[in-house]
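See below for the structure under consideration.
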Amino acid sequence: MKKKYKRLKLLLGDQLNLQHSWFTTIDPDTLYVMMEVRSETDYVWHHIQKVCAFFLAMEQFAEERIEEGHDFIYLKLDDSENKQSFPLNCAALIQRHSIEEFQYQMPDEYRLDIELKAFCEKLQIPSQSFDTEHFYTTREELGVFFQDKKGLLMETFYREMRRKHNVLVNGDGPEQGRWNFDEENRKKLPKNHNPDQPYLFNNDMRKIHERVKQAGIKTIGTIDPQNFYWPVTRTQSLELLNHFLENCLPLFGTFQDAMHSDEWSLYHSRLSFSMNTKMLSPKEVISGAIQAWISNPTSIAINQVEGFIRQILGWREYMRGIYWLKMPDFESMNYFGYERKLPDWYWTGQTKMRCLKYSITQSLNHAYAHHIQRLMITGNFALLAGINPAEVDFWYLGIYIDAIQWVEITNTRGMSQYADGGMTGSKPYTASANYIHKMSNYCEGCYYDRKEKTGPKSCPFNSLYWDFHDRHRDELEKNPRLSLVYRAWDKMDNDMREEILLRADDCLKDLNAL
């Protein structure tokens, strides 16, 4: 006979918050449920490491709660009773255990928010949703903040968050008199500079990997299931945080935009998966960074810690706010009306462009690339080449271990692809080979010549850069941040401009050949 419970509490795979108030006491009338379902594995081609990491982190979280005394059901992908969707599985459990009330934590993804609200409307028992107790802000806070302001400038929001939460502030102003130290955080990795090797774990993923393979789930990328090196528990996440604070934060800001073909991790924290699954909270990460800075003022300068905090308290909270303010319209925005398909080599890394080869291959091997690789290499090329934003979304949402739609789509369609027409970025983030050479060693030994704008061996980024700005002059010319670009374009002689546009046209005719 199945045990009766008063309430069923659903947890999603990105709601692994041990510190949530739900777990402060053990309630024998409460049954928790977490599930691996095909509705979550199949909406894009996820990286195999991403699928396995979520499942192992979920399974570990459930096992820990069971050990604490909570009643917990964990439905695996191959369980015979698994109906492969949240509503169907919850409905079956409600009937089986005579549940009197259904509760869930508010999803961070719009599609799941709609799905669970619709499910609750059909229920014959009471239902209730709860905050995840994770973010600094509520869903609506950004919209309220900007309702009487012109535009949605991130820097304005970031400064307000600093003041409100007393982060790096001194009285009414910023610590050391500046809100932003970004100009000091754009250094290329010097030659013969060897960062510490990334801090890795050795998780045994073989059972879960086999489960995913047997289910026939379409995935991308590679994995070593016997030595899975991403953190999958809160304990491991805290270990990685401590390693970052002690070993990487002293140089994080300085080299946060740098790229190198031999270094996939550099000084980055790689905490985004732990944070986006809520194994770590943004508040404890930021508090740790501030405490490390206070305790080590000679080895950690303020530009290092401010650059790190801006990514979390600035961009992370800002992008979530934009998401809830503008969805569902945001996921169909296509300001330039792009229709071109993503080149095949985005799925293989097999391109003669060395920067894209390394950035994509790294992504396929590690399910990870840092923000400049995403924005100024893979994203930059897609924007210059006129790729349909839906194609770009599909790729980004699948390939990265930390990619959940609330944080992925706002960065991709917004900041990276300018598909929102400048809502999240004051100008398109475009660059030629000069920027890539300035920030990396990718151009060294490349098939293409970074210095050339025309000819079959000229770097495609160069001609595509100018072609993009020429093509969209009507939309972009009045942007004050692009005045220098258009002045430089107009100063070129007509023959040079024509040759550049012809070279760009050749590239666009067969992107797969690049």
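Before moving on, here are some points about what is shown:
- Carbon/sulfur fraction of accessible area - the chain, other protein chains in place, 1.4 Å, %: 47 percent
- Whole-percent pair-distance distribution, where bins are 5 Å wide, for the alpha carbons of segment 342-414: 3, 17, 32, 30, 15, 3, 0
- Residues residue 243 and residue 186, FRET efficiency given R0 of 30 Å [Cβ-Cβ distance, rounded to 0.05]: 0.75
- Subset of 357/509; 6/326; 50/150; 218/438 violating a 31 Å alpha-carbon distance limit: 6/326; 50/150; 218/438
- Per principal axis, descending, Cα span of segment 291-422 in whole Å: 52, 38, 22
- Listed by chain and number, the aspartates and glutamates placed with their C-alpha closer than 17 angstrom to that of residue 213 are 36, 40, 42, 78, 79, 204, 224; residues fewer than eight positions away on the same chain are left out.
- For segment 11-133, Kirkwood radius (reciprocal of mean inverse C-alpha pair distance, Å): 15.2 Å
- At least 24 Å along the helix axis (C-alpha) and Kyte average at least 0.0, DSSP helices within the chain: 48-68
- Spatial extent of segment 227-306: Rg and Dmax, with the Cα atoms as the point set, Å: 12.8, 37
- The alpha carbon gyration tensor of the chain gives principal lengths a ≥ b ≥ c with a/c of 1.5 or higher and a/b greater than b/c, which makes the shape prolate.
- Qualifying GluC sites (Glu not before Pro) in segment 229-295, DSSP loop, other Cβ atoms within 10 Å at most 13: none
- Ordering of 145-154, 93-102, 415-424, 40-49 by packing [mean C-beta count within 10 Å, highest first]: 415-424, 40-49, 93-102, 145-154
- For segment 241-270 versus segment 181-209, the gap between their alpha-carbon centres in whole angstrom: 5 Å
- The radius of gyration of the Cα set in segment 118-215, together with its Dmax, comes out at 23.1, 67 angstrom.
- Summing charges over all other residues whose Cβ lies under 13 Å from the Cβ of residue 330, with Lys and Arg as +1 and Asp and Glu as -1, gives -2.
- Annotation note: GluC sites (Glu not before Pro) in segment 429-514 located in DSSP loop regions with a Cβ neighbour count of at most 11 within 10 Å are 444.
- Projected label distance in nm at residue 197 and residue 311, using a 7 Å step from Cα toward the beta-carbon: 2.2 nm
- Between residue 427 and residue 493, the simple spin-label model (points 7 angstrom out along Cα→Cβ) gives 2.8 nm.
- In loop segments of segment 438-492 as defined by DSSP, the chymotrypsin sites (Phe, Trp or Tyr not before Pro) with at most 13 further C-beta atoms inside 10 Å of their C-beta are 447.
- Sequence-distant residues sharing a close amide H with residue 130 (under 5 Å, placed H): 104, 105, 106
- Note on segment 91-138: the C-alpha convex hull projects to 3.8 nm² when averaged across all orientations.
- Three-way shape label, segment 404-514, alpha-carbon gyration tensor, a/c 1.5: oblate
- Using C-alpha pairs below 8 Å separated by at least 6 residues, the relative contact order for the chain is 16 percent.
- Neighbours of residue 12, meaning other residues whose beta-carbon lies under 9 angstrom from its beta-carbon, give a summed charge of -4 when Lys and Arg score +1 and Asp and Glu score -1.
- Translational diffusion of segment 68-115, estimated by Stokes-Einstein from the Kirkwood radius over alpha carbon pairs at 10 °C in a medium of 1.306 mPa s, is 127 µm² per second.
- Take segment 1-46 with all the other protein chains still there, run a 1.4 Å probe, and you get 43 Å² of accessible area per residue.
- Per residue, in Å², the accessible surface of segment 181-333 once ligands and nucleic acids are set aside, probe 1.4 Å: 41 Å²
- Cα gyration tensor, segment 211-265 - rounded (a/c under 1.5), prolate or oblate: oblate
- Solvent-accessible area per residue, Å², over segment 353-473 with all protein chains present [probe radius 1.4 Å]: 26 Å²
- Sum of side-chain charges, residue 102 neighbourhood, beta-carbon under 13 Å (Lys, Arg +1; Asp, Glu -1): +2
The values are calculated or read from the model by the stated rules, or taken from the named source; none is laboratory data. Here the structure is a predicted model, which means the values were calculated and not measured. Quick reminder, even Gly has a Cβ in these numbers, built from the backbone with ideal geometry, and neighbours come from all protein chains shown. For the accessible areas, the whole protein counts, side chains as well, though only heavy atoms, and no ligand, DNA or RNA atoms are used. Shrake-Rupley method; radii C 1.70, N 1.55, O 1.52, S 1.80 Å.
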